[in-house]
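First up is the structure itself, then whatever we jot down about it.
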Amino acid sequence: MTLEVIVLAAGKGTRMRSALPKVMHDLAGRPLLDHVLETISSLSAQRIHVVCGYGAEIVRKHVGEPGWINWVAQVEQLGTGHAVQQALPQVADDAIVLVVYGDVPLVRAQTLGGLLAQAGTNRLALLTAQLPNPSGYGRIVRNEDSQVIGIVEERDASADELDIGEINTGFMAAPAAALRRWLAMVGSGNDQGEYYLTDIISCAVHEDIDVVTVSCVDGDEVLGVNSRGELAVAERLYQTRQAESLMAAGLTLHDPARFDLRGQLHFGEDCEIDVNVVIKGTVTLGTRVRIGPNCQITDSKIGNGVEVRANSVIEGAEMAENCTIGPFARLRAGTKLAAGARVGNFVETKNTTFGRDSKASHLAYLGDAQVGQRANIGAGVITCNYDGADKHQTVIGDDAFIGSNSALVAPVQVGDGATVGAGSAISRDVPSGELALTRAEQKTQHDWRRPQKKKTE
Ligand code: UD1
Ligand code: CA
């Protein structure tokens, strides 16, 4: 019995009120469709067919052209039954087909495995769920012997049918040959004038084919995303799931409801994350890393014992052990800090390396800079790395001291142990161990008097 999966992703998603195809809306930083494809990739299917239509070029461009996906076009979106029909000519007659809706992102592979275990050459397996609030979903209609006799869409349902709490999740598994036969019989005489996949249930019942249901215990798994409101609900559910597994793996989250992971987070022992932190891309924390509130960290590696204080934004950076970052620091791509370095408040770094124990404690911009060990960068120091056309390097030696409010006009080098006096504009190299300053000398004027306001009577 071979398995082929058909993923339905052709709809516009009218209720999203968006130009973007619905399955391309992000959940935890990745399109809904990616979540679905990831889940089904573990089912060892012979082939995966993805039906796309509205915004097909956008969908296909995003997914790329992996060999394991067969793209199927549904030029006009005439309904879920019609969508499945577009894929069937390319499905082997003796295969079992699993139908998956691209807008139901939270289903677990294990749940789909349970459904497939019930599938067979002469039966139709349907994943259903009991929901406290079934509104919006198709309802499962059973006869007095509790056998499924059909699915009725909410907009076509009678008042009694609307009271049914058991819903159609959209996941079903059926033999390809039978699906082909049934779909040829389905009409579009319903409220939406569409060819509904759900109408094949009554076809199966008519042919005396077993319709078996598998009940999904966790109703959250089968949430369909049709609106931005539902997308937000799905996002929170997904984030909660991730937060729980991170905590189970030993991460402290001060408030799991105020933590967002849009990618992968790897961490060592005893790391701690305060509230409102957003992690994107791939982020690796060593051991004992502490992240303060309101930080955003993207594609970075943070070493053992590093403290990232509140409101810092870090992207494409690497920090060795025991660095201190922030509060309010901004580390941009290509920032590499050696052990014990400190980048303090309102300091921005880009394409910059710091040697061991070097510091820029406040209000500085370091771009295209190479800073040695134990250097001290004063408040207000700017590397002028851009001349309007090209970027240039600033090299600062070990134990150098750059006085506050200095501009280092690149390309320029400050030697080991050199000092730059506060308020200097340095455009020529400073030799090791020397003091350079460009500021005008201070004068004291003894006979000067401050102007006084004339008194009027
Ligand atoms: C569908 C089911 C409903 C079920 C619910 C579960 C039908 C008729 N209804 O309703 O019983 O409770 O899902 O979430 O199947 N699509 C296409 N081509 C089309 C139409 C839709 O590819 O012509 C795709 C959509 O992109 C979407 C999926 O099929 O990913 C489901 O379509 P949607 O319109 O969201 O169906 P629902 O009204 O949610
Ligand atoms: Ca839907």
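The values are calculated or read from the model by the stated rules, or taken from the named source; none is laboratory data. It should be emphasised that the depicted structure is a prediction, and the values quoted were computed from it without experimental measurement. A quick note on method: Cβ atoms are made from the backbone with ideal geometry, for glycine too, and the neighbour counts reach across all protein chains shown.
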Q. How do the strands (runs of 3 or more DSSP E) wholly within region 374-456 filter down when requiring 1 or more residues that are not hydrophobic (A, V, I, L, M, F, W, C): which remain?
A. 382-384, 394-396, 412-414
Q.
When you scan region 438-451, do you find a residue that is modelled with pLDDT of 95 or more and of a type in the set (A, V, I, L, M), even just one?
A. no
Q) Say we look at region 88-103 and pick out the residues that are more than 15 Å from ligand 2 (Cβ to nearest atom) and in a loop (DSSP other than H, G, I, E, B); which of these is nearest to Q118 (Cα to Cα)? A) A95
Q: Given the conditions (1) free of Cβ contacts under 8 Å to residues at least 40 places away in the same chain; (2) within 16 Å of ligand 2 (Cβ to nearest atom); (3) within 24 Å of R181 (Cα to Cα), report the number of the one that R142 does not fulfil.
A: (2)
Q) Restricting attention to region 395-425, and to residues there that are under 41 Å from the mean Cα position of the chain (by Cα) and among the hydroxyl-bearing types (S, T, Y), which single residue is surrounded by the fewest Cβ atoms within 10 Å (Cβ to Cβ)? A) S404
Q) When the residues of region 312-366 are filtered to those that are on the phi > 0 side of the Ramachandran plot and small (G, A, S), which remaining residue is surrounded by the most Cβ atoms within 10 Å (Cβ to Cβ)? A) G326
(Q) Looking only at region 117-150, how many residues end up being part of a strand (DSSP E or B), away from ligand 1 (no atom under 16 Å from the Cβ) and modelled with pLDDT of 95 or more? (A) 1
(Q) What's the number of the only condition in (1) more than 16 Å from D26 (Cβ to Cβ); (2) within 16 Å of ligand 1 (Cβ to nearest atom); (3) among the hydroxyl-bearing types (S, T, Y) that T240 fails to meet? (A) (2)
Q. Name the residues in region 1-27 that are of a type in the set (D, E, K, R), surrounded by 20 or more Cβ atoms within 10 Å (Cβ to Cβ) and away from ligand 2 (no atom under 16 Å from the Cβ), would you?
A. E4
**Q.** Scan of region 80-94 for residues that are out of contact with any strand residue (DSSP E or B) (no Cβ under 7 Å at 6 or more places or on another chain) and either within 11 Å of ligand 1 (Cβ to nearest atom) or closer than 18 Å to G187 by Cα (or both), ordered by number
**A.** G81, H82, Q85, L88
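Between L126, L162, L131, which is buried (at least 24 other Cβ atoms within 10 Å of the Cβ), within 26 Å of N226 (Cα to Cα) and either aliphatic (A, V, I, L, M) or away from ligand 2 (no atom under 16 Å from the Cβ) (or both)?
When all the criteria are applied, what remains is L126.
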Q.
Looking only at region 206-229, filter to residues that are in a helix (DSSP H, G or I) and more than 17 Å from the chain's Cα centre (by Cα); which one of those is nearest to ligand 1 (Cβ to nearest atom)?
A. V222
(Q) If the requirement is being surrounded by fewer than 21 Cβ atoms within 10 Å (Cβ to Cβ) and either more than 27 Å from the chain's Cα centre (by Cα) or within 14 Å of ligand 1 (Cβ to nearest atom) (or both), which of these qualifies: Q110, Q77? (A) Q77
